[in-house]
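See below for the structure under consideration.
The values are calculated or read from the model by the stated rules, or taken from the named source; none is laboratory data. None of the values given here were measured: they were computed from a predicted structure. Virtual Cβ from ideal backbone geometry, glycine too; neighbours counted across all protein chains shown.
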Amino acid sequence: MDIQEYFSLVFSDYTLRTITLGTAILGAVTGMLGSFAVLRKQSLLGDAISHAALPGIAISFLITGAKDSNTLLLGALVSGLIGTFWIRGIITKTHLKSDTALGLILSLFFGFGMLLLTFIQKQPNANQAGLDKYLFGQAATLVESDVWMMAIVTGICLFVLLLFWKEFKILLFDKDYAKTLGFNTKTIDILITSFIVLAIVLGLQTVGVVLMSAMLLAPAAAARQWTNSLATMVFLAALFGAFSGVFGTAISASQNNLSTGPVIVLVAAVFVFISFIFSPSRGLLFKQIRFIKNRRDLQLHKTLAFMYNIAETHDDISHPHEIKILNNFQGFTKGTLKKLVEKNYVTLQGSTWSLTNEGFKSASNLYNQLTKNDE
Amino acid sequence: MSNAQIEIQLIASLVAIACAIPGTFLVLRKMAMISDAISHSILPGIVVGFFITHDLGSPILILLATLAGVVTVVLVEYIQKTGLVKEDTAIGLVFPALFSIGVILIKKNADDIHLDVDAVLLGELAYAPFDRLLVSGVDLGPKSLWIVGAILMITIILLFAFFKELKLSTFDKGLAASLGFSPVIIHYGLMTVSSITTVGAFDAVGAILVVALMIAPAATAYLLTTDLKKMLFLSIVFGVFSAISGYWFAHWLDASIAGSITTMLGVLFLLVYLFAPNKGVIAVLYREKQQRTEVSLLTFLLHLKNHDEERERHVNHLNEHINWQKVRSKTVLELALKNNMIIIDNNIVSLTSKGDEFTTQAIDYIITNEDAQIEDMKDDFFLFRG
């Protein structure tokens with residue numbers, strides 16, 4: 001199946017439609033909440049939470065013996081929350097730093113989860129197969145009820161986000177100010193962290209424990225490059241996330257043997273890559289162009305200033321000088337000279353140059369910041 | 001104990017030691033998450049290496065995977081340097097992308113590569129003794145034992161050779177640089193050693209356990225001591241203890257050894273986290289409570305010194321005026337009494353000479369902005385703490 005076929009089938013085929021819709025919604029909600037995680041400098045929290053969710057899945061299977069995805073995800077939610085608050089406890093109560101706390105909880109919970117999973121596999125219960133899909137995710141196992149679940153959670157997230165928009169925003173950028181205004185920062189903090197955990201848990205079935213953090217980060221990191229406004233960033237991140245979901249699903253459906261999770265992550269990574277390079281204000285490409293332009297301006301100014309210093313010593317400012325004397329001067333090139341002529345600052349006559357009145361004036365004002373349009 | 005069992009425990013212990021040494025420095029340098037990133041992103045290196053050699057233990061594979069680990073570090077640092085995103089975001093972006101490439105490579109070539117992503121992440125220590133190193137027909141023991149042993153030897157040699165440099169650059173980067181030790185070289189050296197350890201150990205114990213073995217023992221030790229040598233020693237002890245007890249726990253449960261070792265590490269950390277003498281949560285909470293009472297006591301004594309009127313010094317006044325709960329005022333009063341700071345006569349509280357002296361000194365410290373000195377002063381005056 002090629003990609004064109006996929007897009008013609010996506011509206012008619014039940015499985016494809018479900019998966020595409022599921023990954024799109026997932027991308028949107030993780031992008032949305034991921035913006036907050038990225039801006040709060042909690043990018044790796046997502047990684048820790050998704051790993052910490054694993055024992056929850058195993059324990060809720062051990063207790064209920066059922067593979068209903070909602071109960072398993074409930075377990076994941078609980079253990080993800082425990083992990084999150086333990087991380088917070090380690091950071092606030094001991095002198096261990098956040099990176100240690102994250103890595104610790106991540107690996108310990110994941111290892112414990114693996115212990116439980118291997119323990120379950122040895123149990124004489126035929127039902128246990130398929131739990132390991134939560135490791136790397138299997139979008140193909142999504143059914144309509146899962147998508148409904150995602151849609152509902154996304155709706156709630158959106159509602160709460162809009163309701164507490166002001167509070168979230170102020171907490172994000174100036175926590176102390178929020179506190180002095182009388183907002184209960186602790187509650188808002190817990191609320192937003194819980195939603196991040198919820199979004200991660202939702203994605204476990206599709207993308208898996210290991211790659212879930214990228215779903216949270218990548219769209220937000222990409223969106224950050226295009227705007228400085230929080231609302232725009234959240235919107236863009238949701239958009240990028242949704243598109244990564246759809247494109248990822250499309251690409252993996254059009255090839256054999258391609259698991260959806262990794263492809264979605266790679267598509268999101270491509271979004272990040274493009275944003276890093278081509279974003280107009282922060283992108284590396286335009287930054288480099290600006291850098292080169294600035295350097296050229298500087299060289300032009302330096303040449304002009306040098307000429308000015310020479311011309312100053314003569315009564316007649318337009319007294320012609322040999323071009324040769326400029327040669328030793330760093331920053332002088334034929335290009336800068338040509339540009340100066342174009343601007344009518346300098347006139348050339350054979351192998352000599354002379355400063356024009358205009359050039360003399362702008363050169364004398366060069367460091368007075370009066371020549372802003374000077375280029 | 002059978003031969004295989006001893007060998008498994010030996011491998012696990014060696015891995016634990018090999019991980020604890022770089023892990024200690026990673027934790028101290030606040031780079032613990034880098035080890036998580038490395039452990040994931042070596043996957044494409046392993047896959048490509050496996051393509052070429054078809055042998056998980058070959059040096060080329062280890063070299064390629066180590067390279068992938070170092071590339072991760074370089075990429076993360078490059079992205080950080082652009083200033084487009086924060087450091088942690090850079091880590092979170094790089095390793096899932098590399099890991100995804102690895103997973104896709106494996107899936108696309110599933111027919112050629114008998115390599116399981118699960119196996120890379122989780123390893124299977126139980127099979128390690130079956131892959132033996134044969135030199136001209138002589139059995140020299142399990143292959144992974146040799147690999148891990150070699151890596152451990154390199155790590156230990158490097159540790160002894162560069163201990164001073166490592167220590168200095170970990171605790172005072174500026175001083176190290178000004179003394180002529182290049183922080184960059186030490187940084188990348190440490191990163192390379194971490195990568196090699198991760199790669200060498202993943203075959204035996206899996207990438208996730210490597211992360212756990214690097215961070216958990218060091219973090220646990222860090223809660224108990226602030227001396228670098230003691231911390232190194234303790235993390236090695238914790239690592240080896242978890243490795244051996246974890247093995248027997250897995251044996252009893254018939255489950256993954258890697259998972260069980262991690263669980264033991266977790267239990268160990270939880271215990272220390274709760275009960276560590278100075279930095280454990282219980283000790284911290286107790287100290288916080290103690291300090292709260294002592295601050296109240298100080299406020300109360302200052303109040304007494306300021307007021308000679310009997311009305312202000314009446315016991316009931318505490319509840320009515322200073323707005324303290326009954327229990328709180330009772331604790332404060334009792335503490336003051338026990339320390340001979342006050343005498344209560346007919347429900348009227350007055351300072352003793354000792355209390356007066358204490359308060360005068362405390363005021364001195366407070367108006368000269370040297371509040372920290374009050375902590376030391378408490379040692380001189382208090383027979384009983386809050």
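If I go through the range B:236-255 residue by residue, how many of them are of a type in the set (Gly, Ala, Ser) and in contact with a Phe, Trp or Tyr (Cβ under 8 Å, 6 or more places away or on another chain)?
Summing the residues that are of a type in the set (Gly, Ala, Ser) and in contact with a Phe, Trp or Tyr (Cβ under 8 Å, 6 or more places away or on another chain) in the range B:236-255 gives 1.
What is the number of the single condition among (1) in contact (Cβ under 8 Å) with a residue 40 or more places away in the chain; (2) under 26 Å from A:Pro262 (Cα atoms); (3) of a type outside the set (Lys, Arg) that B:Ile104 does not meet?
Only one criterion is unmet by B:Ile104, namely (1).
Would you mind listing the helices (runs of 4 or more DSSP H) fully within the range A:118-226 where at least 3 residues are surrounded by fewer than 21 Cβ atoms within 10 Å (Cβ to Cβ), aliphatic (A, V, I, L, M) and in contact (Cβ under 8 Å) with a residue 60 or more places away in the chain?
It comes to A:144-163.
Return the total of residues in the range B:258-281 being more than 10 Å from every other protein chain (Cβ to nearest Cβ), part of a helix (DSSP H, G or I) and more than 15 Å from the chain's Cα centre (by Cα).
Matching residues across the range B:258-281 total 1.
Can you find even one residue in the range A:97-116 that is in contact with a Phe, Trp or Tyr (Cβ under 8 Å, 6 or more places away or on another chain) and either surrounded by fewer than 21 Cβ atoms within 10 Å (Cβ to Cβ) or not assigned by TED's automatic domain parsing to the domain that holds A:Lys41 (or both)?
No, the range A:97-116 contains no residue that is in contact with a Phe, Trp or Tyr (Cβ under 8 Å, 6 or more places away or on another chain) and either surrounded by fewer than 21 Cβ atoms within 10 Å (Cβ to Cβ) or not assigned by TED's automatic domain parsing to the domain that holds A:Lys41 (or both).
Output the number of residues of the range A:134-173 satisfying the condition of being under 30 Å from A:Thr185 (Cβ atoms) and not hydrophobic (A, V, I, L, M, F, W, C).
Adding up the residues that qualify gives 5.
Name the residue, out of A:Ala218, A:Ala231, that is closer than 24 Å to A:Ser50 by Cβ and assigned by TED's automatic domain parsing to the domain that holds A:Phe36.
Selected residue: A:Ala218, the only one of A:Ala218, A:Ala231 that is closer than 24 Å to A:Ser50 by Cβ and assigned by TED's automatic domain parsing to the domain that holds A:Phe36.
Looking at the range B:1-116, what helices (runs of 4 or more DSSP H) fall wholly within it and have at least 2 residues that are of a type in the set (Lys, Arg) and surrounded by fewer than 24 Cβ atoms within 10 Å (Cβ to Cβ)?
The helices (runs of 4 or more DSSP H) meeting that bar are B:87-108.
Working only within the range B:39-86, note down all residues that are of a type in the set (S, T, N, Q) and within 26 Å of the chain's Cα centre (by Cα).
Across the range B:39-86, the qualifying residues are B:Ser39, B:Ser41, B:Thr66, B:Thr72, B:Gln80.
Considering only the range A:71-96, state which residues are surrounded by fewer than 23 Cβ atoms within 10 Å (Cβ to Cβ), assigned to a helix (DSSP H, G or I) and within 8 Å of another protein chain (Cβ to nearest Cβ).
Matches in the range A:71-96: A:Gly89, A:Lys93.
What residue, among those in the range B:224-257 that are of a type outside the set (S, T, N, Q) and surrounded by fewer than 16 Cβ atoms within 10 Å (Cβ to Cβ), is modelled with the lowest pLDDT?
B:Asp254
In the range A:253-276, what count of residues is obtained for those that are within 30 Å of A:Leu161 (Cβ to Cβ) and either of a type in the set (A, V, I, L, M) or at the interface with chain B (Cβ under 10 Å from one of its Cβ atoms) (or both)?
Qualifying residue count for the region: 15.
Residue under question is B:Leu158, and the condition is that it be modelled with pLDDT of 90 or more, in a helix (DSSP H, G or I) and surrounded by 15 or more Cβ atoms within 10 Å (Cβ to Cβ); does it hold?
It is true that B:Leu158 is modelled with pLDDT of 90 or more, in a helix (DSSP H, G or I) and surrounded by 15 or more Cβ atoms within 10 Å (Cβ to Cβ).
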